[in-house]
Amino acid sequence: MPSFRDLLKAAKGEIVEIDPAEAETRLGRATFLDVRELDEFEQGAIPGAVFLPRGHLESKIENQISDRATPIVIYCASGVRSVFAAKTLGELGYTDVVHMAGGFSRWKDQGRPWITPATLSPEQRNRYHRHILLPEVGEEGQQKLLEAKVLLLGAGGLGSPAALYLAAAGVGTLGIVDMDVVDASNLQRQILHNMERVGERKVDSAKKTLTAINPDVDVVTYDVRFGADNILDIIDGYDVIVDGTDNFPTRYLLNDASLLKRIPVVHGSIFRFEGQVTVFDPYNGPCYRCLLPEPPPPELAPSCAEAGVLGVLPGIIGSIQALEAIKIILDLGEPLRGRLLAYDALEQSFRSFKVRRDPSCPACGENAQIVIAEYDDLCMPHPIAPPEAD
Ligand SMILES: [Zn+2]
């Protein structure tokens, strides 16, 4: 019967060993795989390391690292568990695996870079379990969502589903701008609110609903008119803006401010039975003025209040906006950058149109000069002075 020493010696004969100095030169190029237990990992780890305890290695490695040609540096605390882990990965067909001698303790003793990883609490691990199961999200992605800040313009038809799903997904900070009160006529589509809240400030009603869904979320409310005088202060520091506004002056104002601050905007709009979604990613794709240099004449663009809207429609469009915001935060898939997704509820069809950046765009073009100013109801190109604050 072979002893532990015999097994270790045999395993070492089958794997490649490098020392921490050599391993450090591979930071950023190779995937560092930490096979210790959670309590060890939480106390300190190599920056960017993928965490997968030895006990789950065989069953979960394909989820964590699907490409078997990925260069992998395995480490544990002292360099024993990692020997067997490296041997196992070789047997599973991983072709470029090395183990780091001395493990994390030698790495740390030698003064090499390490961090205390932000980890999820047991409650969070349970709450976000379906996210964590997705290798494209995982604990790291969930952590990103918890650290992300999304600003919602409007707690109405589009803002309601967007806010509900973003809160449920664990986006850590949700800002909401709205200066309206809840009216019974809102409840046909604005599912953040309810009968008990009629007459209440919409931002307060939204905050109650969202906090009840997920106490992880910090809801920051802005019960103000969104204007040239406050827009730059309000949007500052947000990672993504979800635009649920329903008027052209605000959309142009938001466009210009988001270009200045370089914050991507997930734009949504609804009209009767149709909706549209696109992403304006400053200078990486078209902006709102590239798409629509001038607003349509008012008789062709009545607001929701005048034209009516089917109640489920904002639920679909606002949910797509939430999804796009999450994709941007997680750098996942292809956001609707340079593409306009148009939805027709009566046909039950989606169509997608290319939108190109306009080199002579007055806002994001080469010689553009961005002026943050109020526009009148017709969005005429001449700015008017912002109204006096009262
Ligand atoms: Zn533009």
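The values are calculated or read from the model by the stated rules, or taken from the named source; none is laboratory data. In this text the structure is predicted, and so the values were computed from the model without any measurement. No Cβ is skipped: glycine too gets one built from the backbone with ideal geometry, and neighbour counts run over all protein chains shown. Calculation scope for accessible area: heavy atoms of the full protein, side chains included, ligands and nucleic acids excluded. Shrake-Rupley method; radii C 1.70, N 1.55, O 1.52, S 1.80 Å.
Size of the stretch 1-90 from its Cα atoms: along the principal axes, largest to smallest, the extents are 40, 28, 26 Å. The charge dipole of the chain, taken about its Cα centre with unit charges on the Cβ of Lys, Arg, Asp and Glu (plus for the first two, minus for the last two), comes to roughly 1280 debye. Taking all protein chains in place and a 1.4 Å probe, what share, in percent, of the accessible surface of the chain do carbon and sulfur account for? C and S fraction of accessible area: 52 percent. Per residue, the accessible area of the stretch 38-84 comes to 45 Å² when a 1.4 Å probe rolls over the protein heavy atoms.
Take 107-116, 270-279 and order them by the average number of nearby Cβ atoms within 10 Å per residue, most first; the result is 270-279, 107-116. The spread of Cα positions in the stretch 180-324, taken along each principal axis and listed from longest to shortest, comes to 42, 36, 29 Å.
Rolling a 1.4 angstrom probe over the protein heavy atoms with all chains in place gives the stretch 153-248 an accessible area of 39 Å² per residue. Could you tell me whether the stretch 241-372 comes out rounded, prolate or oblate from its Cα gyration tensor? Rule is a ≥ b ≥ c as square roots of the eigenvalues, rounded for a/c under 1.5, then prolate if a/b exceeds b/c, otherwise oblate. In terms of gyration-tensor shape, oblate. Across the stretch 267-279, coupling constants 3J(HN,Hα) worked out from phi with the 6.51/-1.76/1.60 Karplus curve, θ = phi - 60°, read 8, x, 8, 9, 7, 6, 10, 10, x, 9, 9, 7, 10 Hz, and Gly and Pro carry x. Taken over the Cα atoms of the chain, the convex hull encloses 183 Å³ per residue.
Of the trypsin sites (Lys or Arg not before Pro) found in the stretch 174-267, those that fall in a DSSP loop while having at most 11 other beta-carbon atoms within 10 Å are R262. Estimated from the Cβ-Cβ distance and a Förster radius of 56 angstrom, the FRET efficiency linking L292 and N63 is about 0.85. Once the 1.4 Å probe is applied to the protein heavy atoms, the stretch 310-357 comes out at 54 Å² accessible per residue.
What the Cβ-Cβ distance of F4 and E147 gives, at R0 = 56 Å and to the nearest 0.05, is a FRET efficiency of 0.85.
Note on the chain: helix-only mean residue ellipticity at 222 nm, from DSSP H runs of 4+ residues weighted -39500 (n - 2.57) and normalised by residue number, equals -9500 deg cm²/dmol. Phi angles of the stretch 87-104 translate, via the Karplus equation with coefficients 6.51, -1.76, 1.60 and θ = phi - 60°, into HN-Hα couplings of 4, 4, 4, x, 5, 7, x, 6, 9, 10, 10, 10, 10, 9, 5, x, x, 5 Hz per residue; Gly and Pro are given as x.
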